[in-house]
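The structure appears right after this line, and notes come after that.
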Amino acid sequence: METNTKVAIVTGGGSGLGKETALKLAENGASITIVDVSEKSGKETVELIKAKGGESIFVKADVSKAEEVKTYVEKTVAEFGRIDMFFNNAGISGPGLKLADHTIEQFDQIIDINLKGAIYGMKYVIPEMLKTGGGSIVNTASTAGVVGVSNVSPYAATKHGIVGLTKTAAIEYGKENIQVNAIAPGTTETPMVKEFGEQNPETMKATVDSIPAGRLGKPEEVANLVSFLLGGQAPYITGVVVPIDGGVTAQ
Ligand code: NAD
């Protein structure tokens, strides 16, 4: 399966890991639907892809709303005819608080976007992949989906949930040629993380000091990994969570 004739959906494609990965997939020749709740940033990614000669559409959607997820899937099929690659990535981090100090609304919001959003995405994308003989899905977990991380309990719960979802879907759809994996990035230099570092320089220094590689991850490193997993070069890799964390979870 070569990426150059394929169709991809990237959620959270307006910024950070989604944007970088969408640009990489487009560079490899894929047609891309950019999904984001932010119209401005999502359309910017589409324009960047088009400026380099790629094919892309933007669909504004809040991934926590099942109807809007159904719509981004339908619009992709209407525009490009099929779905081969799905980067199920949109997510939020939430505030840094101990478990009992979170409000119910904070728990609900993180679970709705990070976990239900990913579930809805797979629910509507998988039937389309089945129609065309298979495909590849990468779900964005986190190091907080592999180990506990203080002060982000709802986030960690959703990312552990993504891991369970990934393994289960890989088992259920393996014989139907759908490859399902998750990535577990460590702290990566996306706009969100850069802004946090500027506002909390001491916390950021402590974070960097705790990383065996001695630095933060780069979005293009994540894009390379996702494009490899989605591109079909190694279809026998399925149901795994690939850490891309400078060695953090090896400790
Ligand atoms: P980001 O904030 O740069 O990008 C996230 C994008 O998702 C934004 O464009 C935002 O508008 C969009 N989005 C947010 N809520 C949405 C919703 N309800 N519906 C549709 N789109 C929505 O963040 P990022 O760092 O690129 O994060 C992407 C994914 O990577 C997230 O799932 C995040 O949890 C995960 N992650 C990030 C890091 C990191 O250090 N950056 C580490 C591990 C995991």
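Quick notes
- Just one of the listed residues (Lys65, Lys60, Lys52) is surrounded by fewer than 24 Cβ atoms within 10 Å (Cβ to Cβ), within 11 Å of the ligand (Cβ to nearest atom), more than 21 Å from Asn139 (Cβ to Cβ) and basic (Lys, Arg), and it is Lys60.
- Only one of Leu216, Leu165 that is closer than 21 Å to Leu23 by Cβ and modelled with pLDDT of 95 or more: Leu216
- Just one of (1) closer than 19 Å to Asn139 by Cβ; (2) more than 15 Å from the ligand (Cβ to nearest atom); (3) surrounded by fewer than 17 Cβ atoms within 10 Å (Cβ to Cβ); (4) of a type outside the set (Lys, Arg) fails for Met192. It is (2).
- Only residues that are more than 9 Å from the ligand (Cβ to nearest atom), under 27 Å from Gly133 (Cα atoms) and of a type in the set (Val, Ile, Thr) were counted in the stretch 152-168, giving 3.
- Flag for Gly231 being surrounded by fewer than 16 Cβ atoms within 10 Å (Cβ to Cβ) and either under 19 Å from the mean Cα position of the chain (by Cα) or among the small types (Gly, Ala, Ser) (or both): no
- Exactly one residue among Phe87, Phe80 is within 16 Å of the ligand (Cβ to nearest atom) and of a type in the set (Phe, Trp, Tyr), and that residue is Phe87.
- Residue list for the stretch 31-49, restricted to those being within 9 Å of the ligand (Cβ to nearest atom) and surrounded by fewer than 16 Cβ atoms within 10 Å (Cβ to Cβ): Ser38
- Verdict on Asn139 being at pLDDT 95 or above, under 21 Å from Lys65 (Cβ atoms) and either within 16 Å of the ligand (Cβ to nearest atom) or surrounded by fewer than 18 Cβ atoms within 10 Å (Cβ to Cβ) (or both): yes
- Restricting the stretch 169-189 to residues that are surrounded by 13 or more Cβ atoms within 10 Å (Cβ to Cβ) and β-branched (Val, Ile, Thr), the residue that is farthest from the ligand (Cβ to nearest atom): Ile178
The values are calculated or read from the model by the stated rules, or taken from the named source; none is laboratory data. All values reported here derive from a predicted model rather than from experimental measurement. Cβ coordinates were reconstructed from backbone atoms using ideal geometry, including for glycine residues, and neighbour counts include every protein chain displayed.
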